[in-house]
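Working notes, beginning with the structure itself.
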Amino acid sequence: MANRVTGDEARRIKREHLGVGDRTKHRTRTAAPLKGLSREPGAQQRVYRFRVYPTAEQAAQLARTFGACRWVYNEGLALRAKAWEEHRVSLGFAETCRALTGWKRLPETVWLREASSTVLQQSLRHLDSAFSRFFRGSAKYPRRKSKHRSRDSATYVRSGFRWAEDPERPGTASVTLAKQTTPLDVRWSRAVPPGQLPVKLTVTRDRAGRFFLSVLVEEFISALPEAFLPDSREPKAVGLDLGLATLVTLDDGEKLPHPRLLRQYEKQLASLQRDLHRKRKGSKNREKARVRIARLYASIGDVRSDLLDRFTTRLVRENQVLVVEDLPIRNLARAATGRGSRRKAALNRSLSDAAWGELLRRLHYKCAWYGRTLVIVDRFFPSTRRCSSCHTKGPKLDVSIRAWTCTECGAAHDRDTNAAVNLREEGMRLYWTVAAALPPGQKPACVIRASDLVDLAPAA
Ligand SMILES: [Zn+2]
């Protein structure tokens, strides 16, 4: 970092130009370890999500809290940007927290006091993580949160909520949030692990106006017994080809369709969209129409989430090794622009995009939970063009071609199934390469990424 200002000069700039007070009372105290880092060895963090029905008063307080969190996030972002651009001073989480103390004293932002201060600090913590991801190179520069684009969310750490477990129903509790006087009406659709205090709670509101409570707990999840092929010590493996028309195709030919593309939703959505465009802008009826569309999207999202959850759990239970392709997800989503059918294609892509991300994320953590291995094959591996029977690499196939016949060996292929078979084979090659380098009896890590194994040239 060029000409970064530090030391006394930085402290002066922070105090005089940025509204960041000096550290005073904590100066001599050593920092306590972060909660997130102090978990017990072997414990996994797991989120349970429940629907919540707040009272009108609670909903209004939460709405103000969401607004305050968004404001603090954006203000913290602006401050960190200004500090660097104008003064070459870098601010971290602690400094933005001290600035927050100042904001709460200003007459024009005194309403910030209506939200719990730990909740606002968590918002700054999220900002700090966004910056860390940016500095690591794994994300773009943090963006401002907008009322329309971003999801409403507020995170409560342990001091920000009261959790009284119900002795009649272990794993459920009476939950009261900071700055609220009455417990939330939570629909406990399942029990969280009983007898422990959650690490943190997150309350969210989706575009359809539904409230949810996410409960983060630490629990010990025991790995499943290893899955072998019948009568052998060969791990059972599955290849997954992610696509646009079909969300996932397995190497045995099984296909998981994309729920958004189901006809029932297409028709309903089209009619609701027509409805919306007939209403006057800014009118009450238009807002109602918007909410109806948001509700439909929310329920499509629920269907997708449920589908992905059951699908990934089944795959992880049945197989020891799961192989996917490292997709250039962002490039794919950007590829299509234009009108009509191409625009629809772009939409399908962006929806698939989200679903793929979700799918990979779930496979990732479930493999970690249950002692499975996820192999991520390099994106340049010609999974579609290679014949899975004779391994001849054919010409590039247009997206419209769903089935083809190998000119070398005459095998007939379904495009996606063939790709899935190739992925499984390539994935197992990588798996064995990694396994061979380990001491006997030790299993490979839960993720093998081909791009990390630079010295291994992909098979032709
Ligand atoms: Zn062939």
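Okay, here's what the table says:
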{"item": "Using alpha carbons only: equivalent-ellipsoid semi-axes of segment 123-164, gyration tensor based, whole Å", "result": "25, 15, 7"}
{"item": "Unit charges on C-beta of K, R, D, E only; dipole of segment 237-452, Debye", "result": "1860 debye"}
{"item": "Over the chain, relative contact order from alpha-carbon pairs under 8 Å, at least 6 apart, %", "result": "13 percent"}
{"item": "Cα-based helix-to-principal-axis angle, 340-370 vs the chain, degrees rounded to 10", "result": "80 degrees"}
{"item": "Over segment 237-452: Rg over Rh, Cα atoms, Kirkwood Rh", "result": "1.05"}
{"item": "Positive-pole candidate from GLY410, GLY195, LEU315, dipole of the chain, charges at beta carbon", "result": "GLY195"}
{"item": "Top positive-direction residue, dipole computed over the chain with Cβ charges, set THR384, VAL186, PHE228", "result": "VAL186"}
{"item": "Dipole in debye (nearest 20) - segment 150-202, about Cα centre, beta carbon charges: Lys, Arg +1; Asp, Glu -1", "result": "200 debye"}
{"item": "Value at 222 nm in deg cm²/dmol, rounded to 500, when DSSP H runs of n ≥ 4 in the chain each add -39,500 (n - 2.57)", "result": "-14000 deg cm²/dmol"}
{"item": "Burial ranking of peptide ranges 383-394, 366-377, 100-111 (average Cβ count within 10 Å, highest at the top)", "result": "366-377, 383-394, 100-111"}
{"item": "Simple label model, 7 Å out from Cα along Cβ direction - ALA245 to ASP8, nm", "result": "7.2 nm"}
{"item": "Rounded accessible area per residue of segment 237-452, 1.4 Å, Å²", "result": "52 Å²"}
{"item": "By accessible area with a 1.4 Å probe, ligands and nucleic acids excluded, highest first: order of TYR297, TYR48", "result": "TYR297, TYR48"}
{"item": "Residues whose placed amide H lies under 5 Å from that of VAL248, excluding near-sequence neighbours", "result": "GLY243, LEU256"}
{"item": "Dipole magnitude of the chain about its Cα centre (Cβ charges: Lys, Arg +1; Asp, Glu -1), debye to nearest 20", "result": "2620 debye"}
{"item": "Scaled radius of gyration (Cα, divided by 2.2 N^0.38 Å) that the chain gives", "result": "1.14"}
{"item": "Summed residue charge, Cβ within 12 Å of VAL52's Cβ, Lys/Arg positive, Asp/Glu negative", "result": "+3"}
{"item": "Dipole of the chain [Lys/Arg +1, Asp/Glu -1 at C-beta], most positive-end residue of VAL447, ALA154, VAL291", "result": "VAL291"}
{"item": "Contour excess over end-to-end distance, with Cα ends at GLU219 and ALA59 and 0.36 nm allotted per residue", "result": "54.5 nm"}
{"item": "Three-way shape label, segment 199-304, alpha-carbon gyration tensor, a/c 1.5", "result": "oblate"}
{"item": "Helix 117-136 vs. the chain, principal-axis angle (Cα, 0 to 90°, nearest 10)", "result": "40 degrees"}
{"item": "Accessible area of segment 237-452 belonging to carbon and sulfur atoms, whole % at 1.4 Å probe", "result": "52 percent"}
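The values are calculated or read from the model by the stated rules, or taken from the named source; none is laboratory data. All values derive from a computational prediction rather than experimental measurement. Cβ coordinates were reconstructed from backbone atoms using ideal geometry, including for glycine residues, and neighbour counts include every protein chain displayed. Quick note on the areas: whole protein, heavy atoms, side chains included, nothing else; ligands and nucleic acids left out. Shrake-Rupley method; radii C 1.70, N 1.55, O 1.52, S 1.80 Å.
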